[in-house]
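Some notes on the structure that comes next.
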Amino acid sequence: MSEMRFNPITLDWAIMAPGRSGRPNDFLRVKKERPVRPAYREDCPFCAGNEPLAAEEISRASAPDGSWLARVVANKYSAFSATEDLRRESRGTFRSMAAAGAHEVVIEHPRHDQSLGDLEISHLAAVLGLYRERFRALRELPNVESIVIFKNSGERAGTSLEHAHSQITATPVVSSQVLMRLEEARRYHEYHGACLYCEVLREELEAGERIIEAGPSFVAFLPYASLSPYHLWIFPRRHSPSFDDIGDDDLVALAGVLGRQLRRLAVAANDPDYNFTIRSAPVGEAGSCCFHWYLSIVPRVSHLAGFELGSGSYINSMLPEVCAERMREAEIGGELRVES
Ligand SMILES: [Zn+2]
Ligand SMILES: [Zn+2]
């Protein structure tokens, strides 16, 4: 019989229905052909050499020879712009305000044919360093309440450009999803005197079966009630509400654990498209007792359908214990090097 599992952090119910993975569209049976990407494309605004095609540069990580490893540019099609005047309007239930904030793009590599998961750890750490730098800068903008760092990799994950990149948005509101999580974490802290996330991590480590790797600073695991196959979380062991509080050593450690999970995923789950997002406390809650930042990776291996949309619950066709085992066993070699 299928089983329903509850996620105390997201308050989602996931229906574990492993019997469904034998269906003909099972992603594990479909070998996806990735288009071969050239090292350089003349019309790509993110390729080295085409810098004038992109919007203005905001920051960069440089190589010793002065060339760039990764850089941050404004999003040409940003929905948000910096403003001090929120122009709040309210007519009965019709409320509006200015879309104050920022939308930036992090170009992860000068070459067109590179993927984040293939990068050397030091390069990945440079990308994460840009995330931290921009997070710290954006939180100082007027009216910014929430900063979201995310990546869409592949068509099924919603990317519009194939050159490896991620995005950062700063917005004047905190989404209902984040507010609800914060509220729940607060409630838990009041009842139990502990951080809900630290508790979940402790119990997952005790259970062990969903752990992919547990290092001194970070733990990668699939949550007990993961919503879809290979949906995984990377938690810092140290309680810290806001991502930008991460130290230099932990930045490198995070690059290692993230890089390894992306490589494991490619082996274990047939190189899926994926999204990741860094979940961090709202700007005004950086000192929160209860929130605990983490990185969430959601491989796009199953489609949301009417049931998910209508019920808000999810049917997961693979048990996280099985996914964790396949992830642990995935042969990823040592440090995969990429010529640059
Ligand atoms: Zn390119
Ligand atoms: Zn915590």
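Values quoted throughout were computed directly from the atomic coordinates according to the rules given, and no laboratory measurement underlies them. Keep in mind the model is a prediction, meaning the values are calculated, not measured. Virtual Cβ from ideal backbone geometry, glycine too; neighbours counted across all protein chains shown.
The alpha carbon centroids of the stretch 227-248 and the stretch 41-59 are separated by 31 Å. Placing pseudo-labels 7 Å out from each Cα toward the beta carbon at LEU53 and ALA214 gives an inter-label distance of 4.8 nm. Computed extension gain for ARG237 through TYR77, at 0.36 nm per residue and net of the alpha carbon distance, reaches 53.9 nm. Once the chain from CYS289 to ARG34 is taken as fully extended at 0.36 nm per residue, the excess over their C-alpha distance is 87.4 nm. Here MET180 and ALA305 are evaluated by their C-beta separation; at R0 = 25 Å the FRET efficiency comes out at 0.60. Comparing mean-square fluctuations of LEU182, LEU222, LEU161 from a GNM of the chain with C-alpha springs under 10 Å, the top value falls on LEU161. With contributions of -39500 (n - 2.57) from each DSSP H run of at least four residues, the per-residue ellipticity at 222 nm computed over the chain stands at -8000 deg cm²/dmol.
The peptide list 260-266, 215-221, 205-211, put in order of mean Cβ contacts within 10 Å with the highest first, becomes 260-266, 215-221, 205-211. When the stretch 154-207 is described by a simple charge dipole with +1 on each Lys and Arg Cβ and -1 on each Asp and Glu Cβ, the residue from HIS192, VAL173, LEU205 located farthest towards its positive end is VAL173.
Extending 7 Å from the Cα toward the beta-carbon at both GLU331 and PHE150 defines two label points whose distance is 3.7 nm.
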